[in-house]
């Protein structure tokens, strides 16, 4: 069990792992070796925290969190002292326009914008929409081209709600961005958000009569690497895919995995061919196949996948890892982290080769984010 | 007319810790009281109502002991010196 510590005790070179749960957020810190962890929390006790972010583009690290509950809605909070304090609870800057007919349910993703422009940020929210801030997160508005998309009435919610959970930016072209949501699939813009078109060619839907519709896919996560941004990896609600042309088309890469059903996917911080997933048995039994807790890793862009098992339970592991509960830090070798619905947080400090249980007994984990403090 | 709004514990950090808010409203419906509350403390209003000005599904409002969902919604009439009680519902896990 980690010792209790305040998040603000961390400094440059330390590693911060932010864990969002259905009952609050927890901040784990470690030195660069990532062998011993200290925990601080819960922050926002009793509130669901579906989205967290560490933004290091400005003069100092800023933590972002989106706590909320079923009673009184979702807020957006920030901390400039690594969680020692958070911005006022009365700030409610994320709202749909009254004439949209929509009301905010959850914030599912907080994405710092381009490195060169630290005032730009994005949010993915439920019901599916992309919000943008151009003043460092003080004020927000929906991206109008997405809010008014002609397909909106035909997007339908999955079990988690109609959530826009994935925002993929193109590091070399600010006009290009890709989002993914359930259900609807992948959409992209090449004109800075003015227009959006579905990018789901080759991605199947097991839950519709038409297995390859233009849109309506239940995409669970999409990742890419900034050194090779046109190549994308996608974990679908059944299906594991790669695109080499910025989502113009997708190819099946479920090669050697026990199931291609899953939620989460994470990119290696330094190798554009290395990706991590945690397969689930099926949509009807959303637990690790054969009750073995295995993270699968590809090092060849999806041509093959290998199970990472050292330090992970290989029997009676009826675990579920949700779409935002797997992540990597920027260390070398990479730190890899995931949290389970049963409240366990696992960490690897060696690219996923071996794992340690950092903490058990957390509330159900819905979000894990990590970074090395600058 | 004077109306007293009773604020639930989880929202009192939006009222500087006060458990009640006194409002002066011209007309006698609970909707009028909430319009005034929105002017006075918009952040508190936002926790009770959605962007569409709909009562959040897991928040209950009682006027003179009656749940307004069954007594006329925002058109529920209020007597002078009425008490409007806001409470989170029994839900969650």
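The values are calculated or read from the model by the stated rules, or taken from the named source; none is laboratory data. Here the structure is a predicted model, which is why all the values come from computation and not from measurement. FYI the Cβ positions are ideal-geometry reconstructions off the backbone, even for glycines, and counts take in every protein chain you see.
Considering A:112, A:67, A:97, A:61, which residue is within 21 Å of the chain's Cα centre (by Cα) and over 15 Å from residue A:137 (Cα atoms)?
When all the criteria are applied, what remains is A:67.
Given the conditions (1) surrounded by fewer than 15 Cβ atoms within 10 Å (Cβ to Cβ); (2) touching a residue at least 60 places away in the same chain (Cβ under 8 Å), and given that residue B:53 satisfies all but one, which numbered condition is not satisfied?
(2)
If residue B:66 meets every condition in (1) over 10 Å from the mean Cα position of the chain (by Cα); (2) surrounded by 14 or more Cβ atoms within 10 Å (Cβ to Cβ); (3) more than 8 Å from chain A (Cβ to nearest Cβ) apart from one, which number is that one?
Residue B:66 satisfies all of (1) over 10 Å from the mean Cα position of the chain (by Cα); (2) surrounded by 14 or more Cβ atoms within 10 Å (Cβ to Cβ); (3) more than 8 Å from chain A (Cβ to nearest Cβ) except (2).
Search the range A:164-183 for residues being buried (at least 21 other Cβ atoms within 10 Å of the Cβ) and at pLDDT below 95, and hand back the single one that is farthest from residue A:120 (Cα to Cα).
Among those residues, the one meeting the criterion is A:183.
Every residue in the range A:80-102 that is more than 10 Å from chain B (Cβ to nearest Cβ) and in contact with a helix residue (DSSP H, G or I) (Cβ under 8 Å, 6 or more places away or on another chain), please.
A:81, A:82, A:83, A:84, listed by residue number.
Specify which of the listed residues (A:67, A:45) is within 14 Å of another protein chain (Cβ to nearest Cβ) and in a strand (DSSP E or B).
A:67
I'd like to verify a number: residues in the range A:341-370 that are more than 14 Å from residue A:49 (Cα to Cα) and within 14 Å of the chain's Cα centre (by Cα), how many?
1
Can you confirm whether residue A:204 is surrounded by fewer than 24 Cβ atoms within 10 Å (Cβ to Cβ), part of a loop (DSSP other than H, G, I, E, B) and without any contact (Cβ under 8 Å) to a residue 40 or more places away in the chain?
yes
When you look at residue B:25, is it touching a residue at least 60 places away in the same chain (Cβ under 8 Å) and either away from chain A (no Cβ under 13 Å) or surrounded by fewer than 17 Cβ atoms within 10 Å (Cβ to Cβ) (or both), yes or no?
When the stated conditions are applied, residue B:25 does not pass them.
Exactly one of (1) over 24 Å from residue B:44 (Cα atoms); (2) surrounded by fewer than 21 Cβ atoms within 10 Å (Cβ to Cβ); (3) within 14 Å of chain B (Cβ to nearest Cβ) is unmet by residue A:129. Its number?
With (1) over 24 Å from residue B:44 (Cα atoms); (2) surrounded by fewer than 21 Cβ atoms within 10 Å (Cβ to Cβ); (3) within 14 Å of chain B (Cβ to nearest Cβ) applied to residue A:129, the lone miss is (2).
Which members of the range B:37-48 meet the condition of being more than 7 Å from chain A (Cβ to nearest Cβ) and surrounded by 15 or more Cβ atoms within 10 Å (Cβ to Cβ)?
Passing the criteria: B:37, B:38, B:41, B:44, B:45, B:48.
Taking the condition within 14 Å of chain A (Cβ to nearest Cβ) and either assigned to a loop (DSSP other than H, G, I, E, B) or farther than 27 Å from residue A:86 by Cβ (or both), does residue B:51 pass?
yes
Go over the candidates A:155, A:140, A:196 one by one and state the one that is touching a residue at least 12 places away in the same chain (Cβ under 8 Å) and surrounded by 21 or more Cβ atoms within 10 Å (Cβ to Cβ).
Only one candidate passes the filter, namely A:196.
Given the conditions (1) surrounded by 20 or more Cβ atoms within 10 Å (Cβ to Cβ); (2) not in a loop (DSSP other than H, G, I, E, B), and given that residue A:82 satisfies all but one, which numbered condition is not satisfied?
Unmet condition: (2).
Being in contact (Cβ under 8 Å) with a residue 40 or more places away in the chain, farther than 15 Å from residue A:371 by Cβ, buried (at least 17 other Cβ atoms within 10 Å of the Cβ) and within 14 Å of another protein chain (Cβ to nearest Cβ) is true for just one of A:76, A:123. Which residue is that?
One residue alone meets the criteria, A:76.
Looking at this structure, is residue A:234 within 23 Å of residue A:336 (Cβ to Cβ), more than 16 Å from the chain's Cα centre (by Cα) and at pLDDT 95 or above?
no
Answer yes or no: is there a residue in the range A:322-335 that is buried (at least 22 other Cβ atoms within 10 Å of the Cβ), modelled with pLDDT of 95 or more, over 13 Å from the mean Cα position of the chain (by Cα) and under 28 Å from residue A:159 (Cβ atoms).
Looking for residues that are buried (at least 22 other Cβ atoms within 10 Å of the Cβ), modelled with pLDDT of 95 or more, over 13 Å from the mean Cα position of the chain (by Cα) and under 28 Å from residue A:159 (Cβ atoms), one finds none in the range A:322-335, hence no.
When you scan the range B:1-22, how many residues do you find that are free of Cβ contacts under 8 Å to residues at least 40 places away in the same chain, more than 10 Å from every other protein chain (Cβ to nearest Cβ) and on the phi < 0 side of the Ramachandran plot?
Adding up the residues that qualify gives 7.
Looking only at the range B:80-93, filter to residues that are modelled with pLDDT of 90 or more and more than 14 Å from chain A (Cβ to nearest Cβ); which one of those is surrounded by the fewest Cβ atoms within 10 Å (Cβ to Cβ)?
This residue is B:83.
Residues in the range A:13-21: is at least one modelled with pLDDT under 95 and either over 30 Å from residue B:52 (Cβ atoms) or buried (at least 22 other Cβ atoms within 10 Å of the Cβ) (or both)?
yes
Does the range A:338-345 include one or more residues that are at pLDDT below 95, out of contact with any helix residue (DSSP H, G or I) (no Cβ under 7 Å at 6 or more places or on another chain) and closer than 27 Å to residue A:66 by Cα?
Checked against the condition, which is being at pLDDT below 95, out of contact with any helix residue (DSSP H, G or I) (no Cβ under 7 Å at 6 or more places or on another chain) and closer than 27 Å to residue A:66 by Cα, the range A:338-345 yields no hits at all.
Given (1) within 14 Å of another protein chain (Cβ to nearest Cβ); (2) within 22 Å of residue A:105 (Cα to Cα); (3) surrounded by 18 or more Cβ atoms within 10 Å (Cβ to Cβ); (4) touching a strand residue (DSSP E or B) at 6+ places or on another chain (Cβ under 8 Å), where does residue B:34 come up short, assuming only one miss?
(1)
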